[in-house]
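What follows is one structure encoded as structure tokens, with my remarks underneath.
The values are calculated or read from the model by the stated rules, or taken from the named source; none is laboratory data. It should be emphasised that the depicted structure is a prediction, and the values quoted were computed from it without experimental measurement. Here the Cβ positions follow ideal geometry from the backbone for every residue, glycine too, while neighbour counts run over all protein chains shown.
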Amino acid sequence: MNIIIAGDGKVGSTLTRQLTQEGYNVTVIDSDAKVLQSSVERYDVISVHGNCAAMRVLQQAGVMEADLLIAATSEDEINLLCCTTAHGLNPKLHTIARIRNPEYTEQIYKMRDIFGLSMAINPEKQAAAEIERLLKYPGFLRRDVFAKGRTEIVELRVDKNSKLLGVRLADMPGIIKCRVLICAVLRNGSALVPNSGDFTFQENDRIFVTAPTKDLTILLKNLGIITRRVRQVMVCGGGRVSFYLASALEHSGISVQIIEKDYDRCLDLSGMLPNTAIIHGDCSDLELLESEGVSQCDALVTMTGEDELNMIISLWAGSAGVPQVITKLGHASNRSIIDSLNLGSVVCPKELCVNNILRYVRAMQNQTGAAVSVHTIADGQVEAMEFLVDENTKHCGTQLKYLNPKSNVLLASITHGPKTEIPNGESMYHLGDTVVVVTTDRGAIRQLNDIFA
């Protein structure tokens, strides 16, 4: 498959790395020659220097032979014009545009055919939706939803007070008193897939648990993780993610405070968010946070434009006893350092954006039996994929104990209509079921039949 990436910034370079690793033919367009040279030196790509919205540049990049164009420059208008021009030159071309301005949301939806858009991606809106999910289940560091919300993979940390510290995997059911599956453990920066009942949890392990959504409350309760409904949230920073999050929380009846140091931005937010308290001030002023009642909040979300400031505020909030802390990071590449800090849940809009685009690319590559959804967990070292069992799926109605899946593949859950089960040797899947598969071999599983040896 031939793919053009317009814009070689944070999202563009991450996509370039991932797509070249998976064997796609990638051409990168950017107006900065130095940035392009860096990509050419690191990856097997073709580079084109110039304005990605110009017809001549797109033709030079091979738009007529391309299957997909991803416009991920820093300017929404350039991304739109790039997709529209490219689609006009090649009507069979699939196009994806990163659109961040909330003012364009409605017209992108209504006029996507006119713009020639196959899909529009809004990283900030996706990040806000992720944070909203985390606020609904305090106690989890991350939640990935499958099977139309019936099953989830959630992330927990084993700290010094955890009931799981020093516990063998075989003894875990006696503690949590519900059926779950440990599909991955992140230990000292490396992902492990427990394959023995003697596997023992250690302090600072990050564990990824598959469970039906209805069992999550039981899991938290029996682990002694106190949860309560979030009623008051303080947000540090008044950027786009904060706007999207506050809009969603307003509709849920949750009280929101946004602290923003730019006065003009405060005025804009107060006009757009009538039920949100907008406070003009500097988030780095801890006395201001205390005077505004951070100790009475159920959750603190740090979303300034500076990763370092977000991390410092989150560390302070954790030590001050704020029940739930969520940290937005623009750069989350050095996870070993991030994991050593008590930052609560970490959300990276760039990673969410890239994962959604990769799912679309893989669906294009293999239309029949393609994954319904793809999530990366364990700092990108493990993939969790949701598949629909169709008429081409092998071994329907066969008990799992008689099958021979690949060694690095785990069947995490099977959903039959409204019922989700954590599979055992007696389990089987049938036509129309949803199966969630976890693998450490990223990009190798494109359809459900690929899991078999």
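Of everything listed in (1) out of contact with any strand residue (DSSP E or B) (no Cβ under 7 Å at 6 or more places or on another chain); (2) modelled with pLDDT of 90 or more, the single unmet condition for ILE258 is (1).
Screening GLY318 on (1) in contact with a strand residue (DSSP E or B) (Cβ under 6 Å, 6 or more places away or on another chain); (2) over 22 Å from GLU132 (Cα atoms) shows it passes everything except condition (2). Within the stretch 393-405, can one find any residue that is modelled with pLDDT under 90, more than 24 Å from the chain's Cα centre (by Cα) and not aliphatic (A, V, I, L, M)? Yes, the stretch 393-405 contains at least one residue that is modelled with pLDDT under 90, more than 24 Å from the chain's Cα centre (by Cα) and not aliphatic (A, V, I, L, M). Taking the criterion of being among the aromatic types (Phe, Trp, Tyr) and surrounded by fewer than 16 Cβ atoms within 10 Å (Cβ to Cβ), the only residue of the stretch 103-132 that qualifies is TYR109.
Give me the residue from the stretch 415-436 that is part of a strand (DSSP E or B) and touching an Asp or Glu at 6+ places or on another chain (Cβ under 8 Å) and, out of that set, modelled with the lowest pLDDT.
Of all residues in the stretch 415-436, those part of a strand (DSSP E or B) come to 415-416, 419-421, 434-436.
So of that shortlist, the ones also touching an Asp or Glu at 6+ places or on another chain (Cβ under 8 Å) come out as 415-416, 434-436.
Values: THR415: 91, HIS416: 88, THR434: 91, VAL435: 93, VAL436: 91.
That would be HIS416.
For the stretch 423-437, filtering for residues that are under 23 Å from GLY149 (Cβ atoms), touching a Gly at 6+ places or on another chain (Cβ under 9 Å) and buried (at least 17 other Cβ atoms within 10 Å of the Cβ) leaves 2. A single member of THR398, THR393, THR440 is touching a helix residue (DSSP H, G or I) at 6+ places or on another chain (Cβ under 8 Å), surrounded by fewer than 22 Cβ atoms within 10 Å (Cβ to Cβ) and on the phi < 0 side of the Ramachandran plot, and it is THR393.
Would the stretch 218-226 turn up any residue that is over 30 Å from ALA170 (Cβ atoms) and touching a Cys at 6+ places or on another chain (Cβ under 6 Å)? No, the stretch 218-226 contains no residue that is over 30 Å from ALA170 (Cβ atoms) and touching a Cys at 6+ places or on another chain (Cβ under 6 Å).
Take the conditions (1) at pLDDT below 95; (2) of a type in the set (A, V, I, L, M); (3) crowded, with 18+ Cβ neighbours inside 10 Å; VAL40 misses just one of them, which is (3). Could you tell me which residue of the stretch 253-288 is surrounded by the most Cβ atoms within 10 Å (Cβ to Cβ), considering only residues that are without any contact (Cβ under 8 Å) to a residue 24 or more places away in the chain and hydroxyl-bearing (Ser, Thr, Tyr)? Looking at residues that are without any contact (Cβ under 8 Å) to a residue 24 or more places away in the chain and hydroxyl-bearing (Ser, Thr, Tyr), I get SER270. Confirm whether THR420 is under 27 Å from GLN21 (Cβ atoms), surrounded by 16 or more Cβ atoms within 10 Å (Cβ to Cβ) and among the polar types (S, T, N, Q). Considered against the rule, which asks whether it is under 27 Å from GLN21 (Cβ atoms), surrounded by 16 or more Cβ atoms within 10 Å (Cβ to Cβ) and among the polar types (S, T, N, Q), THR420 comes out as no. Considered as a group, the residues in the stretch 195-209 that are among the polar types (S, T, N, Q) and modelled with pLDDT of 90 or more include one that is surrounded by the most Cβ atoms within 10 Å (Cβ to Cβ), and that residue is THR200. Does the stretch 208-222 contain at least one residue that is touching a residue at least 24 places away in the same chain (Cβ under 8 Å) and in a loop (DSSP other than H, G, I, E, B)? No, every residue in the stretch 208-222 fails to be touching a residue at least 24 places away in the same chain (Cβ under 8 Å) and in a loop (DSSP other than H, G, I, E, B). Among the residues of the stretch 40-80, just one is over 15 Å from GLY116 (Cα atoms) and in contact with a Cys (Cβ under 6 Å, 6 or more places away or on another chain), namely CYS52. Evaluated against (1) part of a loop (DSSP other than H, G, I, E, B); (2) in contact with a strand residue (DSSP E or B) (Cβ under 9 Å, 6 or more places away or on another chain); (3) free of Cβ contacts under 8 Å to residues at least 60 places away in the same chain, LEU411 falls short on exactly one condition, (1). Could you list all residues from the stretch 197-224 that are in contact with a Gly (Cβ under 7 Å, 6 or more places away or on another chain) and closer than 16 Å to ARG142 by Cα? Passing the criteria: THR213, LEU220.
Which members of the stretch 247-284 meet the condition of being basic (Lys, Arg) and assigned to a loop (DSSP other than H, G, I, E, B)? Result: LYS261, single match. When the strands (runs of 3 or more DSSP E) confined to the stretch 87-188 are screened for residues that are under 16 Å from the mean Cα position of the chain (by Cα), those reaching at least 3 such residues are found at 142-146, 151-157. Scanning the stretch 89-102 for residues that are surrounded by fewer than 20 Cβ atoms within 10 Å (Cβ to Cβ) and closer than 19 Å to ALA363 by Cβ returns a single hit, LYS92. Could you please let me know if LEU58 is more than 22 Å from the chain's Cα centre (by Cα), buried (at least 21 other Cβ atoms within 10 Å of the Cβ), free of Cβ contacts under 8 Å to residues at least 60 places away in the same chain and part of a helix (DSSP H, G or I)? Against the criterion (more than 22 Å from the chain's Cα centre (by Cα), buried (at least 21 other Cβ atoms within 10 Å of the Cβ), free of Cβ contacts under 8 Å to residues at least 60 places away in the same chain and part of a helix (DSSP H, G or I)), LEU58 qualifies. Taking the stretch 68-82 as the range and being out of contact with any Leu (no Cβ under 9 Å at 6 or more places or on another chain), assigned to a loop (DSSP other than H, G, I, E, B) and buried (at least 23 other Cβ atoms within 10 Å of the Cβ) as the test, only THR73 passes. Answer with yes or no whether LEU80 is within 27 Å of the chain's Cα centre (by Cα) and touching a residue at least 12 places away in the same chain (Cβ under 8 Å). Yes: the conditions hold for LEU80. Checking each residue of the stretch 136-151 against the condition of being touching a residue at least 60 places away in the same chain (Cβ under 8 Å), of a type in the set (S, T, N, Q) and either crowded, with 20+ Cβ neighbours inside 10 Å or more than 25 Å from VAL325 (Cα to Cα) (or both) gives at least one match.
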